[in-house]
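What follows is calculated from the coordinates using simple rules that are stated; it is not laboratory data. Being a predicted model, the structure only gives us computed values, none of them experimental. Quick reminder, even Gly has a Cβ in these numbers, built from the backbone with ideal geometry, and neighbours come from all protein chains shown.
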């Protein structure tokens, strides 16, 4: 009983499709006294394997696959199940004499050189669609598999099929999530990414890589480490998120990284469990043209930069972060540009910046 529980824990230990074959073969090896376990997603009518995994992994894998393809029509359990729609787990010895089987190319060119004559086998093939089937089997030398072992594999069948359905659903959900991310990022002409509590990138849509490369010379393509400048901006958020929920900043908070050619806006789009943040990256649709503001209104370069960001709705603290100046210095610039523009509040200054 303990062995069965451990085997099922292995099988259901994850929900992702890529690990399903490995989990299935590990489960089989826990339950059966076998030397080799197979997992196979197969086009039964064509006897073509889409996914074939063995445990343990076989040496000379490519040569093994090539030999197996040459003799796929002799694969007993697959061909027997495909022709007769046999509803249960079967042993090779249930329907074929081993003496003629040992004269076949499958035995002499596949089993002998690659799996050391492991010709005792029990397995099943289960139809998933008109063409696709899932099959598993275990092999060993010497003593044949008993009727009890065949029954045990049959009892395992619904669990293997359920694990496949879970993995398939998980895969489809992941594809839908990725499509939603891409659509959301495309809607704002930007990119979406997710970072963990340590600031490491876990996934990103296609445009993120190009935006980071454009604004950060330190960015390495497909890296999981955020550029230091960007990580510095986000560090207070990440630190607050690790302390308590009350300390988390409101969603929608954003920062801008300014370059002579434009501005990259980084916004907190959402937060998921485990302290993970989804960031929305977009380029400001307006060109950063402080020189025009300076000329038009008789401002210094720095005053023009401050005026631009007032027009974008930024607070003194945010302007300080963007321009790498203190909040007090930002306030001094604001006081001077208010006097030059003959306005007495930020709303009026913003209207000037926006040309209204």
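How compact is the stretch 289-356 by the rule of thumb for globular proteins, expressed as Cα Rg over 2.2 N^0.38 Å? Provide the component values of the computation, followed by the final result.
Working: Rg = 10.4 Å, N = 68, 2.2 N^0.38 = 10.9 Å.
Dividing the Cα Rg of the stretch 289-356 by 2.2 N^0.38 Å gives 0.95.
Measuring r between the beta carbons of residue 198 and residue 62 and using R0 = 35 Å, the FRET efficiency lands at 0.35. For the stretch 12-37, backbone nitrogen atoms closer than 18 Å to the point 7 Å from residue 146 Cα along Cα-to-C-beta are found at 29-35. Remark: 12, 164 ranked as 12, 164, counting other beta-carbon atoms within 10 Å and listing the fewest first.
Going by how many other Cβ atoms sit within 10 Å of their own, how do 73, 171 line up, fewest first?
Values: 73 12, 171 15.
Placing the least packed residue first, the sequence is 73, 171.
As a proxy for reagent exposure, ranking 201, 173 by other Cβ atoms within 10 Å from fewest up yields 173, 201.
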